[in-house]
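Structure record follows, encoded as structure tokens.
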Amino acid sequence: MTSPATATSAVTAAENGTSTKAPSALSSDFETFLTMLTVQMKNQDPLNPIESADFAVQLATFSGVEQQVKTNDLLTVLSGQIGLGGLSELAGWVGMQARAEAPSYFDGATPVDLAPAARSGADAAVLVVTDSTGRQVAQKPISPALDSYAWGGTNDAGQLLGAGQYSFALQSYASGSLIGTDPVAAYTRVTEVQSGADGALLTLEGGATIAADTVSALRDG
């Protein structure tokens, strides 16, 4: 026979665990509570029925679990609406060029605009270009004072490279010694905005995906 103390303890333990469960698990605990309460009422001792105060405690627990289920469902809906609102704001980025430290797409003809930033104290700089496999395809000496550079898509021999994704890094030198290598931001057209687990994501031309908050500049495509 199920005692009031045992049933109440089990229900209380189930309720205490709901704060870390998904709504589906919380709903399952809610159904379990109803089953336990029904079994308890059917099996109570006619000569020693459950005290009304015990029923009051269990009904209060019942109400609390029900309210938690509804609150969690509401928060899930609100979270989804907030996420969609953020995507709506970023929808205008599609078709624009975003500047970010990410692989950029070279179409085989149009130069890729870069934003190099040499380290403080550098008196020379070298732009290093790698393809989608990580293979170095070009090494171009540039002025460390430059904050913009148009890479024409050629290798060290001046030959035009094929269309594809390319990544860029800048080696900074002082008195002939390498003092650091840093990624170079490039402009790439945004083709899609999507929702990710940690925020909005942008898909760039060529297929690279970056977090929206890593974009340092935007311009018309």
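The values are calculated or read from the model by the stated rules, or taken from the named source; none is laboratory data. In this text the structure is predicted, and so the values were computed from the model without any measurement. Every residue, glycine as well, gets a Cβ built from its backbone with ideal geometry; the counts of neighbours run over all protein chains shown. To get the accessible areas, we keep the full protein, side chains included, count just its heavy atoms, and leave off ligands, DNA and RNA. Shrake-Rupley method; radii C 1.70, N 1.55, O 1.52, S 1.80 Å.
For the set THR188, THR209, the ranking by accessible area, highest first and with no ligand, DNA or RNA atoms included, is THR209, THR188 under a 1.4 Å probe.
Need one word for region 151-206: rounded, prolate or oblate. Basis is the Cα gyration tensor (sqrt eigenvalues a ≥ b ≥ c); a/c below 1.5 gives rounded, then a/b vs b/c decides. Display every interim value, and only then the final one.
Working: a/c = 4.43, a/b = 1.50, b/c = 2.95.
Note, shape of region 151-206 comes out oblate.
Sort the following peptides by mean Cβ neighbour count (other Cβ atoms within 10 Å, averaged over residues), highest first: 173-186, 34-47. Each step should come with its number before you reach the end.
On the way: 173-186: 14.9, 34-47: 12.1.
Order by mean packing, descending: 173-186, 34-47.
Summarising the amide proton neighbourhood of ALA102: residues at separation of 5 or more, or on other chains, whose placed amide H is nearer than 5 Å comprise ALA186.
When a/c reaches 1.5 or more, the comparison of a/b and b/c decides; with that in mind, is region 91-189 rounded, prolate or oblate per its Cα gyration tensor? Oblate is the answer for region 91-189, as a/c is 1.5 or above yet b/c matches or exceeds a/b.
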